[in-house]
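A.B. asks: Below are the structure tokens for one structure; questions will follow.
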Amino acid sequence: MALLSVLTPVLAVVLCLVLGFMLVKSRETKTSSTSERKTEVASKAKDFKPWVDQDLQDDTETTAREDEDGDWVDNCEEDRQHVPYSPPSYPEEMMLQRSEEFYTLLNQRRSVRFISPKPVPREVIDNVIRTAGTAPSGAHTEPWTFVVVSDPEMKHKIRQVVEEEEEVNYRQRMGDKWVNDLAKFKTNWIKDYLDVAPYLVLIFKQTYGILPNGKKRTHYYNEISVSISCGILLAALQNVGLVTVTSTPLNCGPQLRVLLKRPVNEKLLMLLPVGYPAADATVPDLKRKPLDDIMVRI
């Protein structure tokens, strides 16, 4: 009994040490496991190539890393001089008439995949692109580049890149639901119109500007700005009787940028085949939503 009384405190201390060691070891194992999982997830995320085109992600904010590399400059210019602005003014009756006529014109716009090889005057394309360049942009940085391709050999190279990636998109990246939703429109990865259309217009967004001295300039809201410009471009094409199909070739951007020798600050946003509609062109019989379904009055 006396010996047991002496050993009891010693056993209690040993037991506490063992429990403490086991607790610490458990925490270390848990931390190590969590760290390994995070590393594994990060590695998978880096290697994973989803169906969405990550090349289109917007990145207009100036990050701390960008500030630290010393290549960026502040957009500090002198105040812009303001000039008088007097746009045309119309009587209400004419306003109503013009709004109805413009709606009728654009309501006829359709995505057309059957395009005639008939030549289109280059001056018309120049004016259409010039019109697209009137779009508003963040801090008036005008972050767009329109690459107009008419060379048959280059058009075919573009088609090869697009069709190769589009086949992978349809077979693997897009998933059954998306492919089934597109089936009713009878679309696939074959893009004959990329060879046939007189012009291919590839619209690149400039993720940042490059000044003559090599410094970088922030392009605010570059993707939104270029998207607005694309909308104006579609309206301008409809206005002159030309057709196109809005194409956003997934995962083709980097290859086409290199093929067209565009700088690293440019990323492909949209590809438009442009021309007259083919004599036997058809389009799906679609109906647009009524006004009450797209507008909320408050």
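The values are calculated or read from the model by the stated rules, or taken from the named source; none is laboratory data. Here the structure is a predicted model, which is why all the values come from computation and not from measurement. Cβ sites come from the backbone with ideal geometry, for glycine too, and all protein chains shown count toward neighbours.
A.B. asks: Could you look through region 127-173, keep only residues that are closer than 12 Å to LEU200 by Cβ, under 21 Å from the mean Cα position of the chain (by Cα) and at pLDDT 95 or above, and pick out the one that is surrounded by the most Cβ atoms within 10 Å (Cβ to Cβ)?
C.D. replies: ILE158
A.B. asks: Test of understanding: among VAL264, VAL283, which residue is β-branched (Val, Ile, Thr), more than 23 Å from ARG159 (Cβ to Cβ), part of a loop (DSSP other than H, G, I, E, B) and modelled with pLDDT under 95?
C.D. replies: VAL264
A.B. asks: Now for a separate question. Would you check if THR246 is under 20 Å from VAL149 (Cα atoms) and either over 20 Å from the mean Cα position of the chain (by Cα) or touching a residue at least 60 places away in the same chain (Cβ under 8 Å) (or both)?
C.D. replies: yes
A.B. asks: Could I ask something else about it? Restricting to region 249-298, what's the tally of residues that are surrounded by 14 or more Cβ atoms within 10 Å (Cβ to Cβ) and among the hydroxyl-bearing types (Ser, Thr, Tyr)?
C.D. replies: 1
A.B. asks: For LEU194, are the conditions met, namely being part of a strand (DSSP E or B), out of contact with any Ser or Thr (no Cβ under 8 Å at 6 or more places or on another chain) and farther than 30 Å from ARG98 by Cβ?
C.D. replies: no
A.B. asks: Follow-up question, since we're still on this one. Return the only residue of VAL274, VAL296 being out of contact with any His (no Cβ under 9 Å at 6 or more places or on another chain), at pLDDT 95 or above and either of a type in the set (Ser, Thr, Tyr) or assigned to a strand (DSSP E or B) (or both).
C.D. replies: On the way: VAL296 fails: either of a type in the set (Ser, Thr, Tyr) or assigned to a strand (DSSP E or B) (or both).
Exactly one of VAL274, VAL296 is out of contact with any His (no Cβ under 9 Å at 6 or more places or on another chain), at pLDDT 95 or above and either of a type in the set (Ser, Thr, Tyr) or assigned to a strand (DSSP E or B) (or both), namely VAL274.
A.B. asks: Quick check on my filter: what residues within region 82-112 are among the charged types (D, E, K, R) and under 20 Å from ALA236 (Cβ atoms)?
C.D. replies: ARG98, GLU100, GLU101, ARG109, ARG110
A.B. asks: Hey, another quick one. Would you point out which residue out of TYR193, TYR199 is of a type in the set (Ser, Thr, Tyr) and modelled with pLDDT of 95 or more?
C.D. replies: TYR199
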